[in-house]
Amino acid sequence: MTVAEAAKTVEVGLSTISTQCNTRKLGHVRIGQGRGTIRISRVDIDAFRESCRVEPKEKDARREDRRGRWPSPPLLRRGF
C-alpha cells in the first residue's frame, strides 16, 4: 500500500508515516530510482501498530485525592 493508504489505515497523517519510514521504525520497500516510491505491507503496518501499543497501568492500592495527590500520612497525636 502507499503512504497515503497506510496513513488512512493507521489513522495518522502522511508526515507521520513518512517520518517513521525515514527513521526506519516502519518497515517498507522503496521502488524506483533515487528516493523511490514507498510501499508498505500490511504485515509491517500491523507490526508497527503493535510496537506503539501502550498497556494500561495497574491501579495502586492507595487512592489519590481529587487533585491527583497521594494522601499524606496520618498525623501523630501528642499525649498531653
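The values are calculated or read from the model by the stated rules, or taken from the named source; none is laboratory data. Here the structure is a predicted model, which is why all the values come from computation and not from measurement. For neighbour counting, all protein chains shown are included, and Cβ atoms are generated from backbone atoms with ideal geometry for every residue, glycine included.
Miscellaneous remarks
- Between GLU11, GLU5, GLU50, the distinction of being of a type in the set (Asp, Glu) and at positive phi belongs to GLU11 only.
- Residue match in region 1-24 (condition: touching a Gly at 6+ places or on another chain (Cβ under 9 Å), at pLDDT 85 or above and of a type in the set (D, E, K, R)): no
- Region 30-41, residues that are at pLDDT below 95 and farther than 14 Å from ALA4 by Cβ: ARG30, ILE31, GLY32, GLN33, GLY34, ARG35, GLY36
- For SER72, the stated conditions do not hold, so it cannot be described as assigned to a helix (DSSP H, G or I) and modelled with pLDDT under 95.
- Taken over region 17-50, the criterion of being surrounded by 19 or more Cβ atoms within 10 Å (Cβ to Cβ) and in contact with a Lys or Arg (Cβ under 9 Å, 6 or more places away or on another chain) is satisfied by CYS21, HIS28, ILE38, PHE48.
- Filtered residue count, region 5-16, keeping only those that are surrounded by fewer than 13 Cβ atoms within 10 Å (Cβ to Cβ) and among the charged types (D, E, K, R): 1
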